[in-house]
1. Do the conditions hold for residue 108, that is, is it under 19 Å from residue 233 (Cα atoms) and surrounded by fewer than 22 Cβ atoms within 10 Å (Cβ to Cβ)?
2. In this structure, is residue 84 touching an Asp or Glu at 6+ places or on another chain (Cβ under 7 Å), under 27 Å from residue 34 (Cα atoms) and acidic (Asp, Glu)?
3. Is it true that residue 81 is under 30 Å from residue 172 (Cβ atoms) and of a type in the set (Gly, Ala, Ser)?
4. Could you go through segment 139-148 and let me know if any residue there is buried (at least 16 other Cβ atoms within 10 Å of the Cβ) and in contact with a His (Cβ under 7 Å, 6 or more places away or on another chain).
5. Out of all the residues in segment 13-30, which are in contact (Cβ under 8 Å) with a residue 24 or more places away in the chain, out of contact with any Asp or Glu (no Cβ under 7 Å at 6 or more places or on another chain) and of a type outside the set (A, V, I, L, M)?
6. Taking residue 175 as meeting all but one of (1) of a type in the set (Lys, Arg); (2) out of contact with any Gly (no Cβ under 6 Å at 6 or more places or on another chain); (3) surrounded by 14 or more Cβ atoms within 10 Å (Cβ to Cβ), write down the number of the exception.
7. Do you know which of the residues in segment 72-103 that are free of Cβ contacts under 8 Å to residues at least 24 places away in the same chain and part of a helix (DSSP H, G or I) is surrounded by the most Cβ atoms within 10 Å (Cβ to Cβ)?
8. What is the residue count in segment 216-237 for residues that are within 21 Å of residue 75 (Cα to Cα) and not hydroxyl-bearing (Ser, Thr, Tyr)?
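The values are calculated or read from the model by the stated rules, or taken from the named source; none is laboratory data. Remember, it's a predicted structure, so these values are computed and weren't measured experimentally. Reconstructed Cβ throughout: ideal geometry from the backbone, glycine too, with neighbour counts over all protein chains shown.
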Amino acid sequence: MIRLLVLALQLLTRLPVPSLNSPPQPQDLGRSVLFFPVVGLVIGALLAGLHTALWWTDPGVLAALVLAIWVLLTGGLHLDGLADTADAWIGGQGDRDRTLAIMKDPRSGPAAIAIVVLVLINKFAALQMLLAGDAYDVLLLAPVWGRAMMVLLLLTTPYVRPGGLGSPYANELPRLSSGLLIALIAIATMAFLEWLGGILLAVLSIGFLGLRHAWITRLGGVTGDTLGATCELMEMLVLLTLALQVD
């Protein structure tokens, strides 16, 4: 278990973790996907701790600090996927092969910069409103659901780069355990938020189905970049949904 958690932390964060004694096998990588939401919980707990330590700070300043730490904890990994996806979506002009080729280009165009700025602005605005009150549940749930949706995509959607770095994660994913994990997170969300949890789950379901449809229609499945994009967009959706429900 510890080995799988370490693999997930190494992939999804820049947190210092112990080195493994032996190289991971493909089965280890697939099983580590089950710990993606746990990584989200670790990130959320750190953000909630920052909120606790700086509770007296102006909500705008606190929102900026929380968002900065959030990005630093991941090393901007998912934002990079979001940027690459946006560039490829515009530059690909509807062509699958062209879209996949552009995703490999490390350069960022106007579409990439625009989508990253828009997502960060929306996250900041939602956080500013939420952090004026008790936002601990939100800070925990948003990173968890962002990564849970990555698990759900890998569970339900083909991975389109057979030789890509994400291939063993998709091929060796424990399918039954993944489904049960998503169900458990949904139940926990309802327990935390009660009726508001139902609204959140409905919004996330619509968002997930929309993104999945887009990935399948254009690419025939998902890539590492679209998984990162999904994480960022789902986190934003959690924050905005709950911010809009604040009285």
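1. Numbers: under 19 Å from residue 233 (Cα atoms): yes; surrounded by fewer than 22 Cβ atoms within 10 Å (Cβ to Cβ): yes.
Against the criterion (under 19 Å from residue 233 (Cα atoms) and surrounded by fewer than 22 Cβ atoms within 10 Å (Cβ to Cβ)), residue 108 qualifies.
2. Numbers: touching an Asp or Glu at 6+ places or on another chain (Cβ under 7 Å): yes; under 27 Å from residue 34 (Cα atoms): yes; acidic (Asp, Glu): yes.
For residue 84, the condition - touching an Asp or Glu at 6+ places or on another chain (Cβ under 7 Å), under 27 Å from residue 34 (Cα atoms) and acidic (Asp, Glu) - is met.
3. Values: under 30 Å from residue 172 (Cβ atoms): yes; of a type in the set (Gly, Ala, Ser): yes.
In short, yes.
4. Step one: of segment 139-148, the residues buried (at least 16 other Cβ atoms within 10 Å of the Cβ) are 139-148.
From what's left, in contact with a His (Cβ under 7 Å, 6 or more places away or on another chain): 139.
Among the residues of segment 139-148, at least one is buried (at least 16 other Cβ atoms within 10 Å of the Cβ) and in contact with a His (Cβ under 7 Å, 6 or more places away or on another chain), which makes the answer yes.
5. Let us first name the residues in segment 13-30 that are in contact (Cβ under 8 Å) with a residue 24 or more places away in the chain, namely 13-15, 26-30.
Still in the running and out of contact with any Asp or Glu (no Cβ under 7 Å at 6 or more places or on another chain): 13-15, 28.
Within segment 13-30, 13, 14, 28 meet the criteria.
6. (3)
7. So in segment 72-103, the residues free of Cβ contacts under 8 Å to residues at least 24 places away in the same chain come out as 76, 90-91, 93, 95, 97-98, 101-102.
Among the residues that remain, those that are also part of a helix (DSSP H, G or I) are: 90-91, 97-98, 101-102.
Values: 90: 16, 91: 17, 97: 9, 98: 13, 101: 13, 102: 21.
Among them, the one singled out is 102.
8. Filtering segment 216-237 down to residues within 21 Å of residue 75 (Cα to Cα) leaves 223-237.
Now restrict to residues that are not hydroxyl-bearing (Ser, Thr, Tyr): 224-225, 227-229, 231-237.
Counting residues in segment 216-237 that are within 21 Å of residue 75 (Cα to Cα) and not hydroxyl-bearing (Ser, Thr, Tyr) gives 12.
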